[in-house]
Each structure stands twice: as C-alpha cells, then as structure tokens.
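**Q** One structure, pasted below without further comment.
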Amino acid sequence: MNVLLTEDLTKFYGIHRGIENVCLSVGEGDFFGFIGPNGAGKSTTIRTLLGLLSPTSGRAEIFGKDILRDHLEIMSEIGYLPSEAVFYNGMKVRDILSFSAKLRKKDCKKEADELCERLELDQERKISQLSLGNRKKVGIVLALQHRPRLYILDEPTGGLDPLMQQEFYSILQERNKQGATIFLSSHILSEVSKYCSHAAVIRAGKILVSDSVEKLGHTGVKRIVLQGTDKIPQFAHISDPCFENGTAKFLYDGDQKELISLLADVPFTDISISDPDFDEIFMHYYKTEGDEK
Amino acid sequence: MTVFFHEMKRGSQPLIICSVVVSFMLAAAILLYPQMEPQMSEMEGMLADMGSFSSAFGMDKMNFSRFPDYFAIECGNTVGIGGAIFAALTGISMLCKEEKEKTAEFLFTHPVSRCRIVFEKLLALIVQIVIFNAVLSAVTVLSSVIIGKASDLADMWLILLAYLILETEIAMICFGISSFIRSGIGIGIGIAVGMYFLNIISNITEDVKFLKYITPYAYADGAELLTNHYIDGVYLAIGITLAAVCAAAAFFRTAKKDIFC
C-alpha cells in the first residue's frame, strides 16, 4: 500500500516554477530519501503535501486520503520537521512540547521526556536561548512525540552534531522497524545512501528518477582512472572529466565493451575501472539528466 | 481552545501595559476634576466659542460644569485614542505575526483547521478588548466614587459601552487586514488615528458629513450620547456590518491562502 502518492503535482508561485508534474509513490514502511540541490523543489513538495501551499494542478494522497479534502485526518498521523525550526520565543521547551501535544489532543509527556533524554535536550530552557542545533532537537521531539505513522522530515540533520545525527537516525530506524514510514528530504547524499531504502531525485522542480537506492546505485556508469596518460581521452559518453599530474579521471556511461576497444588506442601505465560512489551517481543525475531536460 | 489560551498568554503583556497606561491617564483626568470644577463654568463659554475647534471635539454641545460632559471629552481623548490604538495593534498583528515570526509552519501543520485557528484568535482578540475595557470601567467607577461623582455613572456607562464597541470594530477591521499582510503596525495605527480624524473633520464641516458613516467615532461621540442617551442605530449598524465583513474576509483569506514561512 502507498502511504504517499502524488500524481502530476504542480505548484507555481505566480509565473515562477515551484514544482512541475511531480509523481512520487512511497510505500508503507519505506525509508524514503528525497534528494535535490537547493531550490530544486523539495520544500515546495513537502509544504504542498502538508497543505501549507495549495497545488496549482495535480493531486496527492496520504494514507489513501486526499490531501485537500482530508487534511485534518492526515495531519493527525504525520510528524513534520521543517528545515528551519522556529518556535514562539517567550516559551520554554516544555511549554512548546505541551502546546503541540494539546493541539493534537494527545498526552505525549512520557514520549517527550524519553526523546529529550536521548537527544540531551533541557526542557527548562527558553526557546530564545537555544542554539540552532538545540532548536532542531525541539523540532525533532515535536515531530516524533505523538508517534505518527508518517514522518516528513525536511533536511533534518542541519545544525546537529555528528553524535546527535547518529542518535537521531537510530531513533528513526527504530520507528521504521516498528512500521512507521519515513520521508526525508536532504542534499546530503551520504545519509540517504546509508539509511534510505528508496530515493527520488528532484531538480528544477521535476523528478529525475525514483527507485530503490540499490537500483539507483547500479546505473551502468563507471569511474575510470588512467595513470601515465597525457590527456582526457576524447570518447563519447564521458562526463565529470578531470586531468591532473598525468592522471585522467572521468565517468563513462556508454557500452562497456566499446570502452575496452577504445582504451586499446589510449596510452596509459595503469588503469582502474570501478563503480562510482553514491555521491558521484547523484552528481551525475544532477548534472547530466537535469541539463538534458 | 488551545490556540485561544495560547493567544491570551501571548497577548497578556501588551494588555497589561496598555491597561495600566490608559487607566492611569483616565484616572488622572477624573481625579483632577474636583480641582478644575470651580473654573469649569468660566471656561465653558471660552471652550464653546472656539469656532471650528469647539465643533471638532463636540465642545459646543457640552456643559463642562457637569461631570459626565467633562468625562465624555476626556474619555474621548484617552480611551478613544489609546484604546483604539491598542485594539488596532492587537488586531493587525493577530494573524500576520505567525508568518512574520515564522511560527506559521509550526501552527498550521497541526491537526487544527485554519478556520478554527482564525476563530480562536478572533475570540482571544475580542476577550482582550473586553478585559481592557473592564479594567477602564473599574478605574472609572473607582475614581468617580473617590471624587464623589458616583451618581453620574449612569450617563458614563453608555460612553464606555460605545468605546467598547468602537474598539471591537477597529480590532476586527484590522484583524481582516491582518490576513492579507505580513506586517502592519503602521497600518493599524493609521486606521485608529485616521478614523479619529475623520470624525473630527466631519464635525467641522457639513460638506463631509458622510464621513460619519465610515468612522466608528460617529456613534461614540460623547456629546451625541449624552444628548440622545442612546447609540445611533444607523452608524452602529454600519460599523457592525463592516466589522463582520472584515472578520469574514479573515476566515476566507486564511482558509485559502498559501502559508509562507
């Protein structure tokens, strides 16, 4: 069953493009990464799903319910962490957690206490006294304390130190194992490759690709490193070329047998052919497919 | 009623400050009356003979040797301006502050409908104005008792009621505007002061008498209230209609608009 489904979801701000014909499907229990550079449309997609923005066209469902018609039912089962966590300045952490729980008509005190302990967040501190990282922790507790079915997290680790990032992902993995669905946007590719089972890449408001992380990692693209050569070979299907101190590095996404025959005419002393890492693959999506479209 | 109580708590500090400041001015004006009373009959002719200036503030229709008439002028200056500015500032910021202070993303992503949020905020706005006026009424009663003028309170209740309605109307107009803007302190003060001056202008010349149909100060005019002993139904009906239209606009606009953070 799809927990989240969008069909040609489009949002324009006047004449300016936000997102265009976004089609996504996130299954129940998925740990889904939504990847894209700044301004690609990640936050616009999320804010449209949450009802903060109204779609220009297209539609979306969460838990099989229409995001516009069944907004309140949907929101009661979503935990949302915005990219920039801003709260009411005069309040203490404890007050804002309690205010959110009251808005949800739930008693979340026990869960909030446990999360604050794990994230080392002092509930007696005033919001105005908190650092960026601690405000993010407040946002995390707010998104998690009511144990929702779907977590929508917009660039969740910004401002968190590496130890806290690890603890945060450990909590998310626990929730995911308990059946919750995680949908997180990020431009940090390593965290997506490490934790997510599925991912979609968005660029300039359009989805470039959406698949399992495993399949996305097997693109047929190879990273070639030639040592003891005098220049980048002039083949077709080459991208990301780099030449330094007699070493040529490039990505090749053409036919691999043809590559071997082409390399026969290239002078070199050593060669390495490997799968590119996850970052390189997504950089490849950002640069090439986006440019073609 | 979580949003309502949250707004009441958020608005408590400005409410206390404004209540104390305007109460102090009002109490000072009332408590000074015994010292001024002997000179009032001498000043009366002078205040009534200042031509347009007298007309502008309704002083040509007043008898300053009567305490309610004196109160009507002083109340117009303190509650009329101070109260209206408090109402305007509270109303104008009630909705737009969420986007301005970037808390809208937090509030609007909870399972509470936008209409419910607007309703509870509007209720908090009205309750704050009622509390503000209750404090002023208590100060008026107490000060009047202190100077031995408690018997005149019957006339003064009508003036205080008219100002309560005036402030509620201004607050609701500003509340409606608040749903269309991101920040509007200047607009709020402009509306409160602008409405006050519209009434003054309409008192000076017959040519712009129609302005009385726009400004709520027309039905809160102390001279008229003390003469007629009732609030003008036409002006009041227009004011209530305008306030209702603005409140409805706040509901429709907030329900439909994109929330930017």
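**Q** Give the range A:1-50 a look and list any residue that's away from chain B (no Cβ under 13 Å), at pLDDT below 90 and outside any strand (DSSP E or B), or say none.
**A** If the condition is that a residue be away from chain B (no Cβ under 13 Å), at pLDDT below 90 and outside any strand (DSSP E or B), then A:Met1, A:Ile15, A:Gly36, A:Pro37, A:Asn38, A:Gly39, A:Ala40 are the ones that fit.
**Q** Within the range B:77-88, track down each residue that is crowded, with 22+ Cβ neighbours inside 10 Å and either of a type in the set (A, V, I, L, M, F, W, C) or touching a Gly at 6+ places or on another chain (Cβ under 7 Å) (or both).
**A** B:Val79, B:Ala84, B:Phe86, B:Ala87, B:Ala88
Quick grid of which residues meet (1) touching a helix residue (DSSP H, G or I) at 6+ places or on another chain (Cβ under 6 Å); (2) within 14 Å of chain A (Cβ to nearest Cβ):
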position	(1), (2)
B:Leu95	yes, no
B:Lys102	no, yes
B:Phe119	no, no
B:Gln128	yes, no
B:Ile165	no, no
B:Arg182	yes, no
B:Gly190	no, no
B:Val193	no, no
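Yes/no matrix, rows are residues, columns are (1) modelled with pLDDT of 95 or more; (2) closer than 21 Å to B:Ile92 by Cβ; (3) touching a strand residue (DSSP E or B) at 6+ places or on another chain (Cβ under 9 Å); (4) surrounded by 19 or more Cβ atoms within 10 Å (Cβ to Cβ):
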{"site": "B:Val118", "(1), (2), (3), (4)": "yes, yes, no, yes"}
{"site": "B:Val141", "(1), (2), (3), (4)": "no, no, no, no"}
{"site": "B:Leu153", "(1), (2), (3), (4)": "no, no, no, no"}
{"site": "B:Glu169", "(1), (2), (3), (4)": "yes, yes, no, yes"}
{"site": "B:Gly176", "(1), (2), (3), (4)": "yes, yes, no, yes"}
{"site": "B:Asn199", "(1), (2), (3), (4)": "no, yes, no, yes"}
{"site": "B:Ser202", "(1), (2), (3), (4)": "no, no, no, yes"}
{"site": "B:Val208", "(1), (2), (3), (4)": "no, no, no, no"}
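**Q** Looking at A:Ala101, A:Ala112, which is the one that is crowded, with 19+ Cβ neighbours inside 10 Å and touching a Cys at 6+ places or on another chain (Cβ under 7 Å)?
**A** Criteria check complete, one pass: A:Ala101.
**Q** Right, something else. Hydrophobic (A, V, I, L, M, F, W, C), in the same structural domain as A:Glu84 (by TED's automatic domain parsing) and at pLDDT below 85 - does that describe any residue in the range A:181-190?
**A** Yes; the residues of the range A:181-190 include at least one that is hydrophobic (A, V, I, L, M, F, W, C), in the same structural domain as A:Glu84 (by TED's automatic domain parsing) and at pLDDT below 85.
**Q** Just to be sure I understand, how many residues within the range A:21-46 are closer than 27 Å to A:Gln178 by Cβ and either of a type in the set (Val, Ile, Thr) or out of contact with any Ser or Thr (no Cβ under 7 Å at 6 or more places or on another chain) (or both)?
**A** 7
**Q** While we're looking at this one, here's another question. Take A:Ser83 and decide whether it is among the hydroxyl-bearing types (Ser, Thr, Tyr) and part of a loop (DSSP other than H, G, I, E, B).
**A** Yes.
**Q** Here's something else I'd like to know. Say whether the condition of being within 11 Å of chain A (Cβ to nearest Cβ) and in contact with a Leu (Cβ under 9 Å, 6 or more places away or on another chain) is met by at least one residue in the range B:75-93.
**A** No, because not a single residue in the range B:75-93 is within 11 Å of chain A (Cβ to nearest Cβ) and in contact with a Leu (Cβ under 9 Å, 6 or more places away or on another chain).
**Q** Looking at A:Tyr151, A:Tyr169, can you tell me which residue is in a strand (DSSP E or B) and crowded, with 16+ Cβ neighbours inside 10 Å?
**A** A:Tyr151
**Q** It is to be established whether one or more residues within the range A:66-75 are in contact with a Lys or Arg (Cβ under 9 Å, 6 or more places away or on another chain), of a type outside the set (Lys, Arg), touching a residue at least 40 places away in the same chain (Cβ under 8 Å) and within 12 Å of chain B (Cβ to nearest Cβ).
**A** Within the range A:66-75, not a single residue is in contact with a Lys or Arg (Cβ under 9 Å, 6 or more places away or on another chain), of a type outside the set (Lys, Arg), touching a residue at least 40 places away in the same chain (Cβ under 8 Å) and within 12 Å of chain B (Cβ to nearest Cβ).
**Q** Any idea how many residues of the range B:233-261 are in a helix (DSSP H, G or I) and either within 14 Å of another protein chain (Cβ to nearest Cβ) or of a type in the set (Ser, Thr, Tyr) (or both)?
**A** Summing the residues that are in a helix (DSSP H, G or I) and either within 14 Å of another protein chain (Cβ to nearest Cβ) or of a type in the set (Ser, Thr, Tyr) (or both) in the range B:233-261 gives 7.
**Q** If you don't mind, another one. Report, ordered by the first and then the second residue, all pairs with beta carbons closer than 9 Å, sequence separation of six or more or different chains, a first member in the range A:180-201 that is among the charged types (D, E, K, R), and a second member that is not in a loop (DSSP other than H, G, I, E, B).
**A** A:Glu191/A:Gly33; A:Glu191/A:Gln165; A:Glu191/A:Tyr169; A:Glu191/A:Leu184; A:Lys194/A:Tyr169; A:Lys194/A:Phe278
**Q** A further question follows. I need a count of the residues in the range A:92-110 that are within 9 Å of chain B (Cβ to nearest Cβ) and more than 17 Å from B:Met1 (Cβ to Cβ).
**A** Summing the residues that are within 9 Å of chain B (Cβ to nearest Cβ) and more than 17 Å from B:Met1 (Cβ to Cβ) in the range A:92-110 gives 1.
**Q** Is one or more of the residues making up the range A:196-211 outside any helix (DSSP H, G or I) and farther than 30 Å from A:Asp255 by Cα?
**A** Yes, the range A:196-211 contains at least one residue that is outside any helix (DSSP H, G or I) and farther than 30 Å from A:Asp255 by Cα.
**Q** Quick one: which of A:Ser210, A:Ser197 is in the same structural domain as A:Val26 (by TED's automatic domain parsing), at pLDDT 85 or above, touching a strand residue (DSSP E or B) at 6+ places or on another chain (Cβ under 8 Å) and surrounded by fewer than 16 Cβ atoms within 10 Å (Cβ to Cβ)?
**A** A:Ser197
**Q** Just a yes or no: is a residue in the range B:94-113 modelled with pLDDT of 85 or more, part of a loop (DSSP other than H, G, I, E, B), of a type outside the set (Asp, Glu) and in contact with a strand residue (DSSP E or B) (Cβ under 7 Å, 6 or more places away or on another chain)?
**A** Checked the range B:94-113: at least one residue is modelled with pLDDT of 85 or more, part of a loop (DSSP other than H, G, I, E, B), of a type outside the set (Asp, Glu) and in contact with a strand residue (DSSP E or B) (Cβ under 7 Å, 6 or more places away or on another chain).
The values are calculated or read from the model by the stated rules, or taken from the named source; none is laboratory data. Since we're looking at a predicted model, the values are computed, not measured. As a convention, Cβ positions derive from the backbone with ideal geometry for all residues, glycine included, and neighbour counts pool all protein chains shown.
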